[in-house]
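Let me begin by presenting the structure, written as structure tokens, before commenting on it.
The values are calculated or read from the model by the stated rules, or taken from the named source; none is laboratory data. Predicted model, so just to flag it, every value in this text is computed and none were measured. A quick note on method: Cβ atoms are made from the backbone with ideal geometry, for glycine too, and the neighbour counts reach across all protein chains shown. The accessibility values were calculated without ligands, DNA or RNA, using every heavy atom of the protein model including side chains. Shrake-Rupley method; radii C 1.70, N 1.55, O 1.52, S 1.80 Å.
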Amino acid sequence: MAAHPNHRIVSVIYLFIVAAFAYRFAMLAVSIRNEKRLRAEGATEYGAQVSRWLAIAHVAFYLAATVEGIVRAAAFDAISAAGFAVYLFGAVMLFVVSRLLGRFWTVKLFIARDHRLVTHPLFRAVRHPNYFLNILPELIGYALTLHAFATLIVGLIVYAVPLTLRIRQEETVMREAFAEY
């Protein structure tokens, strides 16, 4: 007996969810490795509480969108395809930004003793590309792919609070650490 066509669509959605979580965990491992090295070299962490709130908001958004997407059992359609394209853009930008920042990239806010300001054109063109070219497209794309519209609206509003605090902290820290910032 042939499998129902919706089973393939459901499989694609589950594959997307697993791949998205795996990618995030892989990048978290890079962040943890960089954080350990930075701490060992005497780097200073700023905004630890906001980092915790951002992590909670990120995990909550992913979990809420996943549950909503599974409950909705929406077909992979034009909205899902557009969401996947936006998600993919964000995922690629996460990789690009983490590579450009190198050992200084973490999900937390650190200034190393030998920290250098990264002046790549991407950082001159977009202030905070990790947030505006990675995190926001990633979350929007993830929710759209899964048709998690409630999570998209409520989750982004909630996420905006710690993200705004983080951007303000980062601006202050960067101006203090780098005269050319």
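List of remarks:
- Test: residue in the range 23-42 that is in contact (Cβ under 8 Å) with a residue 12 or more places away in the chain, more than 15 Å from Tyr142 (Cα to Cα) and outside any helix (DSSP H, G or I): yes
- The selection criterion, being open to solvent by 40 Å² or more (accessible area, probe 1.4 Å), in contact with a helix residue (DSSP H, G or I) (Cβ under 6 Å, 6 or more places away or on another chain) and within 15 Å of Phe61 (Cβ to Cβ), holds for Ile140.
- In this structure, Val96 does not qualify as touching a His at 6+ places or on another chain (Cβ under 9 Å) and either farther than 20 Å from Ala29 by Cα or open to solvent by 40 Å² or more (accessible area, probe 1.4 Å) (or both).
- So His120, is it open to solvent by less than 50 Å² (accessible area, probe 1.4 Å) and in contact with a helix residue (DSSP H, G or I) (Cβ under 7 Å, 6 or more places away or on another chain): no
- Every residue from the range 123-165 that is in a helix (DSSP H, G or I), more than 14 Å from the chain's Cα centre (by Cα) and either modelled with pLDDT under 95 or among the aromatic types (Phe, Trp, Tyr) (or both): Phe123, Arg124, Ala125, Phe149
- Residues located in the range 123-137, provided they are open to solvent by less than 50 Å² (accessible area, probe 1.4 Å) and closer than 15 Å to Tyr159 by Cβ: His128, Asn130, Tyr131, Asn134, Ile135, Leu136, Pro137
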